[in-house]
Structures are given as C-alpha cells and as structure tokens.
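Encoded as structure tokens, the structure appears first; notes follow it.
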Amino acid sequence: MTGFTVDPWDPGYAAALAVEALSELGSTSAELVLDVERPAADWKPVTPGPGAIAPETLLVADGVRRIDARVWVHDADTPMPFPGIAASYAAGIVRCGPGGADLAEIEVNRTLISASPNTPEVKTAHAVFRPSKAADSSFEELSLALQRQVTQLEVDLAVRHRTVNDDLLLVDGPLRGRTHLPRTVGYIKTHHAAYLPSPQAGVVGALGPGQRTPVFLMGTSWRRHAWYLRLPVQSTAPWAGVARCEAGADLDPAEVVRLADAVTLALPALAGVDYKDPRAPQNLVPIGGLEKLLRHHLGDARLLYRALRTAAR
C-alpha cells in the first residue's frame, strides 16, 4: 500500500533532507573512516551512558549576512569597472546555562567588497562600508569573501567570551574555518548530501530522540569528525529531527566521543517547537532567537540602499 509523510519543515524552507541527498544514500564521494568509535559492521544507535556529562555552559554562535547593493568600483588604473557588493553582516553569542539563556554580545559590520586594489571606503548618512578585497570579480568569490568576514567575526566573539575550561561552543553551520577553536562543534540543520553508505545511513533513520550515530571521520575538500543525532520530533518523515555535528579532524577520538555525548545530552532541551519555528526541531531555540535579533540589527535594507545610491552620486 502506497503512503506518504509530510516533511515537518515549512515549505518555504525546502526540506530538512534535500531531494538530491535521497539519490545519494547508497554512495558518496566523501572519504570516510567509519570505525572511529566502533566497527562499521557494528554500527547502532548510541545513547550517552551514565558517565557522559552535559556542558555546564553552552555558548551558541551564529552570524547573518545581507547584500545591500550590487556596485561597480571605478578604478583609474583600469578601463573597466570592477563589480562588487555592499553588504551588512552581524554575529552574536548566546550563553546557555543552568539559569537559562542570555545574550552575551552582538556586533554589526558593513563592508564594500571588490577585486579592485583601490576599493574605497564608502561613508553614507546611515553607515560606513569598509573596503575589502576579493580574489576575483566573480559573484561566487565576492560571496565567499563576505562569508569569510562573517566567520571571522563569529570566531572573534567566541574567543572573547570563552572564560571557563568546561564550556562548549556550538556554531551554527559547518565547522570549516573554526576547527582550531577548542571544545567546538559545528551544527548542520539541512542535509544537502547523504555521506554515509546504506548500512550506516539506515542507523541514522533508526535513531530515537536523544540518540546519535557512532562518530566517523569524513573528508571532502576538508577533513572533520562527524556524527548524526536526533532531536525530539513527532513527524515520521525521513530523517525528521536529525542534525549533523562536526568536530576537528585532529582531535583524539576519545575526546570527540566525549563531545558527541555532551552535545547529544545538551541539545534536546533546546530543540525548536513547530508552532513557533518553521524549521523545528533542528533550528534550536537559541539559534532561532539569535537569528531574528541579528537580522533586526542589520537595519533597514531599503534605507541603506537609498543611502548608497545617494553616496554614489
């Protein structure tokens, strides 16, 4: 009998498990080491044992970005102008502990990015866009240059607010560019590729709330440890409530296992709820709240666009 399930995420956000990932469940181009924690043939859901300890302090870092205008940078040394972007970005830290969650800090920056060596600083009536150089003029490189600034701002804030040795830092998104930070885990909500072979992917589907897969090592364009965990969820859709976590590739396996257990214990209490968040439960309450606050702090996009137009005259 044919049936169907409805993905719990709001359709405006696509799906937690991307369609292209479904066709890749049986194969992957990633380099995998599956027996980091236990033999690949003996994979099964892991429930953190009585010796596992949740972090007393969980720091959650996130950043947002917005392109305020496409620009052309006119350089006297070249006949053709350089395409560029004027953008606003912000990052913040939320501290979660026994007494609840509180906002540690938010910082907002604005930048003008192009491949021109003479990219100017642009002062408008409402904001200053500081110059930054991209490797080339492609939109992909301009976007990557902007993302690198967002990531660096998250790193700077995280370093500033790490004051104890038993805290744990959770960064929203892949860990790339932040693997050097101690006791740090990347948190990925949406699955654009299914990295595991079929037998191990089946273990992901068998996870119960508060369980995780064994730790494995994966390499694409960069290497990291990873594991999947499931948050509390009512939906029976494929991989509903499943998130992927990442830790540095150079960490000792025993340390990664401790991190995996700590995160698995800490996150269920922070899971988003569907009547408040269209990407629940993977969009954790601190992340969802921080994203809204950060976007508010970016300011009025229309106002900044008009200010940039005026400054360009």
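With all protein chains present, calculate the accessible area of Arg309 using a 1.4 Å probe and round the result to the nearest 10 Å².
Near enough 130 Å² of accessible area.
In whole percent, how big is the carbon plus sulfur part of the accessible area of segment 27-181, probe 1.4 Å, protein atoms only?
52 percent
Which sequence of Asp77, Asp172 reflects their accessible areas, 1.4 Å probe, from the largest down?
Asp77, Asp172
Which residue, Gly100, Gly241, Gly272, has the most motion in a Gaussian network model of the chain that connects Cα atoms within less than 10 Å?
Between Gly100, Gly241, Gly272, it is Gly100 that shows the largest mean-square fluctuation.
Using only protein heavy atoms and a 1.4 Å probe, report how much of Ser138 is accessible, in Å² to the nearest 10.
Its heavy atoms expose roughly 50 Å² to the probe.
Can you list the HN-Hα couplings for segment 176-186, worked out from phi with the Karplus curve (6.51, -1.76, 1.60; θ = phi - 60°), rounded to whole Hz and with x for Gly and Pro?
Rounded to whole hertz, the list is 3, x, 9, 5, 7, 6, x, 6, 10, 10, x.
Ignoring ligands, DNA and RNA, what percent of the 1.4 Å accessible area of segment 201-313 is carbon and sulfur?
55 percent
Label-point separation (nm) for Ala237 and Asp166, each offset 7 Å from Cα along Cα-to-Cβ?
Here the answer is 3.9 nm between the modelled labels.
What accessible area per residue, rounded to a whole number of Å², is obtained for the chain using a probe radius of 1.4 Å?
49 Å²
Can you pull a Stokes-Einstein diffusion coefficient for the chain at 20 °C (1.002 mPa s), Rh from Kirkwood over Cα pairs, as a whole number of µm²/s?
Answer, rounded: 102 µm²/s.
The values are calculated or read from the model by the stated rules, or taken from the named source; none is laboratory data. This one's a predicted model, so the numbers in the text were calculated from it and none came from an experiment. Counting neighbours? That spans all protein chains shown, and the Cβs are built from the backbone with ideal geometry, glycine included. Accessible surface is based on the protein model in full, side chains and every heavy atom, while ligands, DNA and RNA are left aside. Shrake-Rupley method; radii C 1.70, N 1.55, O 1.52, S 1.80 Å.
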